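Below is one structure; the comments refer to it alone.
The values are calculated or read from the model by the stated rules, or taken from the named source; none is laboratory data. From a predicted model like this one, the values you see are computed outputs, not experimental measurements. Every residue, glycine among them, receives a Cβ derived from its backbone with ideal geometry; neighbour counts consider all protein chains shown. The protein model used for the area step is the full one, side chains on, heavy atoms only, and it has no ligands, DNA or RNA in it. Shrake-Rupley method; radii C 1.70, N 1.55, O 1.52, S 1.80 Å.
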Amino acid sequence: MNLTPTQKADELIEKFRPFAHSNFTYNDTGETEKATRCAIIAVDEILNMSVYAYDKKFWKEVKQILTDRL
């Protein structure tokens with residue numbers, strides 16, 4: 001199944017959420033922001049390695065969606 005850029009952004013945030021958890025307080029907004037920032041770093045790495053124009057277009061859209069959520 002091919003995901004849309006929005007679906008991929010959501011998926012990445014959820015994958016990084018467990019690593020963004022703070023042991024001191026529960027703050028879903030803070031966790032989401034941290035997970036989103038981690039996802040942006042991952043997408044930047046993918047963009048640096050991608051050689052296909054289609055891939056770059058897709059991942060640039062994912063990055064824009066993630067950036068807009070901050």
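Quick notes
- Here is the tail figure for the chain: Cα pairs spaced more than 15 Å apart come to 51 percent of all pairs.
- Accessible area per residue, Å², the chain with all protein chains present, probe 1.4 Å: 73
- The count of lysine pairs in the chain with alpha-carbon distances below 17 Å, taking only pairs 8 or more places apart or on different chains, stands at 8.
- Extending 7 Å from the Cα toward the beta-carbon at both V51 and L3 defines two label points whose distance is 2.5 nm.
- Principal-axis analysis of the Cα atoms of the chain puts helix 28-49 at an angle of about 30° to the longest axis.
- Here the range 31-70 exposes an accessible surface that is 58 percent carbon and sulfur, computed with a 1.4 Å probe and the other protein chains kept in place.
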